[in-house]
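What follows is a single structure, written as structure tokens, with notes after it.
Throughout, read-outs are computed from the coordinates displayed, never taken from laboratory work. Predicted model only: the values in this text are computed from it and were never measured. A quick note on method: Cβ atoms are made from the backbone with ideal geometry, for glycine too, and the neighbour counts reach across all protein chains shown.
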Amino acid sequence: MLISVAERMITEMLNAGVIRPNSSPWIATVTLPQKKRELHEICSGLHAVKCRVKLESYPLPSMAYVLDRLNGSHYISTWVIPIEKGYIPKTTFSAGPILGL
């Protein structure tokens with residue numbers, strides 16, 4: 001059942017242009033934690049990447065700054081964060097051997 005849920009969600013993201021097929025040695029598996037009202041969300045564990053790359057540290061912006069930047073915004077979405085071209089291979093995930101993306 002969860003495989004069919006993952007297939008449906010990944011197909012929807014492919015069709016929407018949110019993700020694209022990719023071949024990379026950095027492949028991570030996905031999990032489908034159950035949310036309220038029996039909905040699922042795709043989560044990718046990028047722990048292997050975190051262990052192998054140099055982390056950049058910088059201070060987080062204050063909540064006042066973030067809220068000030070969002071003032072007047074009409075939509076807040078999780079799909080609007082662009083990934084730099086060099087980092088794309090490190091964000092590859094798979095829901096199984098058939099769905100390697």
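Placing dummy labels 7 Å off each Cα toward the beta-carbon, the span from LEU67 to SER24 is 3.5 nm.
Near TYR87, within a Cβ-to-Cβ distance under 15 Å, what is the net charge of the other residues, with Lys and Arg +1 and Asp and Glu -1? Summing Lys/Arg as +1 and Asp/Glu as -1 gives +4.
Helices in the chain, meaning DSSP H runs of at least 4 residues, each add -39500 (n - 2.57). Divided by all residues, the mean residue ellipticity at 222 nm is -8500 deg cm²/dmol.
What is the local net charge at ASN15, summed over the other residues whose Cβ is closer than 14 Å to its Cβ (Lys, Arg +1; Asp, Glu -1)? Walk me through the intermediate numbers first.
Details: positive: ARG8, ARG20; negative: GLU7, GLU12.
Every neighbour counted, the sum reads 0.
Per the Debye formula on identical point scatterers at the alpha carbon atoms of the chain, with no solvent, log10 I(q)/I(0) at q = 0.21 Å⁻¹ is -1.22.
Footprinting exposure proxy ranking of THR92, THR29, THR78, fewest other C-beta atoms within 10 angstrom first, gives THR78, THR29, THR92.
Would you please put 62-74, 15-27 in order of how densely packed they are, using the mean number of other Cβ atoms within 10 angstrom per residue and starting with the highest? Could you put the intermediate results ahead of the total?
Details: 62-74: 8.5, 15-27: 11.8.
Ranking the peptides 62-74, 15-27 by packing returns 15-27, 62-74.
Calculate the spin-label point distance for ILE83 paired with ALA48, positioning each point 7 Å from the Cα along the beta-carbon direction, and give it in nanometres. Result for the modelled spin labels: 1.4 nm.
Taking only Cα atoms, what is the 0 to 90° angle, nearest 10, from helix 2-16's long axis to the longest principal axis of the chain? Roughly 60 degrees between the two axes.
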